[in-house]
Amino acid sequence: MSNNFTTYTIQGSNTTKCIYGAPLSVINLYRYLDNKGYNIAKVRNTKVRYGKTVGNCMTGFHFGLVSVYKENAKPKKQTSFGNTLQLTEYNNLSILRLPRNVDIEYVLRAIDKLEDKYTQPSFLDRIRSWLPQVA
């Protein structure tokens, strides 16, 4: 584990901490991200990223220091942690990586910005929905 970051997983391991031993604010953030359907969440210290990335397994959404990832509907390869999630109260989130000095409010605001940007239909999408369907 890096000295500047803590990585939480459901059960913990040699390199991660169990989410059940985390501070209540971190547990609540974990639950919130899980309920939103994210599989991985990372908060960085310095490097900022914006936008969306699409890979073979996951789609990443980035806003500032926060990146969250969702498994693709039809991934080209399967993630290694997919089957173990059904055994716990958490159905989606499997990894949460936070800097030791994390500002939970900042993370929540960033998630709200991501949700606004990527879950709302774009202007072009709205126009397309008004046009008649062409066979």
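Derivation of every value follows stated rules applied to the coordinates shown; laboratory data play no part. Computed from a predicted structure; not experimentally measured. Here the Cβ is made from the backbone with ideal geometry for all residues, glycine too, and neighbour counts use every protein chain on show.
Computing FRET efficiency as 1/(1 + (r/R0)^6) for Arg31 and Val54, where r is the C-beta to C-beta distance and R0 is 25 Å, gives about 0.40. The simple spin-label model puts a point 7 Å past each Cα toward its Cβ; for Arg44 and Asp103 those points are separated by 1.7 nm. The Cβ shell under 15 Å around Val26 holds other residues with a net charge of +2, Lys and Arg each +1, Asp and Glu each -1.
Sites listed here are chymotrypsin sites (Phe, Trp or Tyr not before Pro) in segment 26-80 whose DSSP assignment is loop and whose Cβ has at most 15 other Cβ atoms within 10 Å, and the list is empty.
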